[in-house]
Amino acid sequence: MNNREPAGWPARLLPGRAGSAVVITPPGDGPGYWAGGPSAVLTGEGIYLAYRLRRPVGSGRGYAVAVARSADGVRFETVATIRRESMHAESLERPCLVRTPAGRWRLYLSCATPGTKHWRVELLEASDPSRFDARERLVVLPGDAKTGVKDPVIRHRDGGWHLWTSCHPLADPGEADQMTTEYATSADGLDWIWHGTALSGRSGRWDARGTRVSAVCYADDAAGAMIAAFYDGRVSAAENFEERTGIATGTEPAALAAIGTAAAAESPYAGRGLRYLDVLPLGEGRHRLYYEVTRPDGAHELRTELR
C-alpha cells in the first residue's frame, strides 16, 4: 500500500506499512467480491470483529455481515452471521459493533431498502455477540425520502453517545453516490440529535465527490482533546467502491477539516481502493488497524496491522 503521510500524529496510524496480514479473504476472485467494512471491539476475551461480505451486483451484493472472535487479532472464529434476507435488505454494508457501558452488545447494520437508492441503519442488541437475532431489530437511523443513511461510526464518551454517519442525497438517483458525514449525539444510542455536517468534500481535490468518516480517535492532553478522523474519499462517481483514505482533524466532533492535498493511503493496484479503516486502541500506545483494500485481481480483502 502507498502512503502520502502528513507529519506527526495521527499519521502514525495510517495503514500500508510492512507487516500487514490478511484477516478475511473475499468470497470470490475478481472485481465485486469483497470482504471488509470492519468494526472491532477489544474485550478481556480478545477482539471481536464485525465485517461485511459481498458478491457482485446481480450475484448477491452485500449478502451477509459476520461477527467473529480472536485471541490474537489475526485469526478469527465466526460466532454470528446476519444475512441480508433476514434484515429485509437488498444489500448490507459496513456494520458498527459496540459494547455498551452496561456490558450489552449492539450491532448497527447498514441496510439497503429493496428497489431504491435508500439506506437505513437498524440495530440488533444482545447479551453476547453470538446471540444477535435479526427478528429483534430496531430502526434507529431511518433516513427519509431525500436522504440515505449508512456506515455509522459510534463512540461512547464523556457519558454520552456520538455518531458520525454517511449521508447520501436521493433526489436524483444518478447523484446518489455523493456523500457527506453528519454528526449526531444521543443519551442512549437509539434516539439521535443531529448537529450538522462534520465533513464534506473539497471542490477540485481528490475527495471532491464525497467523504465518509470510518474511524475517530482522540488525543487527550491538558489543553483539551484533539480529534482525528480517518475517512474515505473519492473524486468522481467512477471511483465509487474504490475510495482511498484521508485524514481530518479538529477540536469539535461536529467540525472536522481534511488535511493534505492527496489521499493519505491507497492500494498500489488498479482501483487504488483502501477504505473503511478502523483503529482499535489496545492500550499502552498500541493500536490494531483493520481495513478493506483492493487486491491485484480487483477483489477486496480485509487486512490488519499492529501499530
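The values are calculated or read from the model by the stated rules, or taken from the named source; none is laboratory data. Computed from a predicted model, the values in this text were never measured in an experiment. Every residue, glycine as well, gets a Cβ built from its backbone with ideal geometry; the counts of neighbours run over all protein chains shown. Areas reflect the complete protein model, heavy atoms only, side chains present, ligands, DNA and RNA absent. Shrake-Rupley method; radii C 1.70, N 1.55, O 1.52, S 1.80 Å.
For the range 236-268, which residues satisfy the criterion of being aliphatic (A, V, I, L, M), without any contact (Cβ under 8 Å) to a residue 60 or more places away in the chain and within 19 Å of D151 (Cβ to Cβ)? Of everything in the range 236-268, those that are aliphatic (A, V, I, L, M), without any contact (Cβ under 8 Å) to a residue 60 or more places away in the chain and within 19 Å of D151 (Cβ to Cβ) turn out to be A248, A258. Restricting L123, L141, L107, L53 to residues that are under 17 Å from D278 (Cβ atoms) and open to solvent by less than 20 Å² (accessible area, probe 1.4 Å) narrows the list to L107.
Is at least one residue of the range 272-290 basic (K, R), in contact with a Lys or Arg (Cβ under 8 Å, 6 or more places away or on another chain) and on the phi > 0 side of the Ramachandran plot? Checked against the condition, which is being basic (K, R), in contact with a Lys or Arg (Cβ under 8 Å, 6 or more places away or on another chain) and on the phi > 0 side of the Ramachandran plot, the range 272-290 yields at least one hit.
Would you call R288 at pLDDT 95 or above, under 19 Å from the mean Cα position of the chain (by Cα) and basic (K, R)? Walk me through how you get there before you give the answer.
Working: at pLDDT 95 or above: yes; under 19 Å from the mean Cα position of the chain (by Cα): yes; basic (K, R): yes.
The answer is yes for R288.
The residues of the range 233-252 that are surrounded by fewer than 18 Cβ atoms within 10 Å (Cβ to Cβ) and among the hydroxyl-bearing types (S, T, Y), listed by number, are S236, T249, T251. Residues that are in contact with a helix residue (DSSP H, G or I) (Cβ under 8 Å, 6 or more places away or on another chain) and either part of a strand (DSSP E or B) or open to solvent by less than 40 Å² (accessible area, probe 1.4 Å) (or both) within the range 183-221 comprise just one, C217.
Does any residue of the range 16-32 turn out to be within 15 Å of the chain's Cα centre (by Cα) and of a type outside the set (A, V, I, L, M)?
Restricting attention to the range 16-32, the residues satisfying the condition of being within 15 Å of the chain's Cα centre (by Cα) are none.
Checked against the condition, which is being within 15 Å of the chain's Cα centre (by Cα) and of a type outside the set (A, V, I, L, M), the range 16-32 yields no hits at all.
Scanning the range 53-88 for residues that are under 15 Å from T304 (Cα atoms) and without any contact (Cβ under 8 Å) to a residue 60 or more places away in the chain yields A68, S70, A71, D72, R75, F76. If you go through the range 268-307 and pick out every residue that is under 20 Å from R55 (Cα atoms) and not β-branched (V, I, T), you end up with 19.
Out of the range 61-71, which residues are more than 17 Å from the chain's Cα centre (by Cα) and open to solvent by less than 10 Å² (accessible area, probe 1.4 Å)? Across the range 61-71, the qualifying residue is only S70.
If you go through the range 170-182 and pick out every residue that is of a type outside the set (A, V, I, L, M, F, W, C) and open to solvent by less than 10 Å² (accessible area, probe 1.4 Å), you end up with 1.
Pull up the range 75-86, narrow it to residues that are buried (at least 21 other Cβ atoms within 10 Å of the Cβ) and not aromatic (F, W, Y), then point me to the one that is nearest to S59 (Cα to Cα). Can you show your working first?
Applying the first criterion (buried (at least 21 other Cβ atoms within 10 Å of the Cβ)) to the range 75-86 yields 76, 80, 82, 84.
Subset that is not aromatic (F, W, Y): 80, 82, 84.
Numbers: A80: 22, I82: 17, R84: 13 Å.
Among them, the one singled out is R84.
If the condition is being at pLDDT 95 or above and more than 20 Å from P281 (Cα to Cα), then the range 1-45 contributes I24, T25, P26, P27, G28, D29, G30, P31, G32, Y33, W34, A35.
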